[in-house]
Every structure is written in structure tokens, then in C-alpha cells.
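Structure first, commentary second.
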Amino acid sequence: QVQLVESGGGLVQPGGSLRLSCAASGSIFSINDMGWYRQAPGKQRELVAAITRGGNTNYADSVKGRFTISRDNAKNIVDLQMNSLKPEDTAVYYCNAQVVTRAWQSWLLYWGQGTQVTVSS
């Protein structure tokens, strides 16, 4: 079994910052890509940022220059630093990870339970 647990969400004023963290644990051999998605009420889940094991990153246009994704491969952690937050960033944020549980097996995609981020004055 593999678990992903997010932390760091909350309420912040426009222009403020938050840092989300996601820790993977359990039967992990290795992790390929990791990422952050978000889902606002009435909208589809969308990619926010992703990072490969080697550190290559990809961002949604709406967060480029404001958000930074990073990871610690030794600790199986992926973080999302969010600066200059806007009300439209309000959503439930989910992390995911492509987890290999045994050598020579293909990866499976796991999701965290989500953490609420609310940007409001």
C-alpha cells in the first residue's frame, strides 16, 4: 500500500503565500513523476505543476512565475511554493505520484486526499 498525505493548505489573503507539502509512504521502490492538481467548485481537476525524478518541471500557464514545485527524492516528498496568490487560486489541491512498488514493474498512479486552499480578504 502507498499513501500520499498533503499538508499546508489554509486561508490566505490575496498576494500572500502558502507552501504545500506531500509525503509519500508505504511500499515504494521508486517514484517517477510527481505533481500537483487542483479542483475548484464546479470545475474539472486541472494540472498545476509537475516534476520528473530528474527535476524537470512543467507549470500551468496560470501559475507560471508564481508557483514553484520541488521534490526530495530521498524523502519521497513534493512541495509546492505558492506566491502572489489570487482568489482564482482557491481550490482543493491534490498531489499525485507515479509509484513503482517493485523492481521491474510499471508504475501506478496514487493520489492524496486533497488540501483546501482559500484565497480571500
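The values are calculated or read from the model by the stated rules, or taken from the named source; none is laboratory data. These numbers come from a predicted model, not from an experiment. Here the Cβ is made from the backbone with ideal geometry for all residues, glycine too, and neighbour counts use every protein chain on show. The area values use the complete protein model at the heavy-atom level, side chains included, leaving out ligands, DNA and RNA. Shrake-Rupley method; radii C 1.70, N 1.55, O 1.52, S 1.80 Å.
Straightening the chain between GLN105 and SER84 buys 3.5 nm, computed as 0.36 nm per residue apart minus the Cα-Cα spacing.
Ligands, DNA and RNA left out, the 1.4 Å accessible surface of the chain is 48% carbon and sulfur atoms. Sparse packing (at most 14 other Cβ atoms within 10 Å of the Cβ) combined with a DSSP loop state is found for the following chymotrypsin sites (Phe, Trp or Tyr not before Pro) in region 29-121: PHE29, TRP104. Working note: Karplus 6.51/-1.76/1.60 with θ = phi - 60° gives region 76-82 the couplings 6, 10, 10, 10, 9, 8, 10 Hz, where Gly and Pro are set to x. Per-residue extension of 0.36 nm, minus the Cα-Cα distance of SER70 and THR57, leaves a gain of 3.8 nm for this segment.
Heavy atoms of the protein chains alone define the surface here; on that basis region 25-74 has 57 Å² accessible area per residue at 1.4 Å probe size. Counting only lysines at least 8 places from LYS86 when in the same chain, those with an alpha carbon closer than 23 Å to its own are LYS43, LYS64. Under the simplified labelling scheme, the GLN1-ALA40 pair shows an inter-label distance of 3.5 nm, with each label point 7 Å from Cα along Cα→Cβ.
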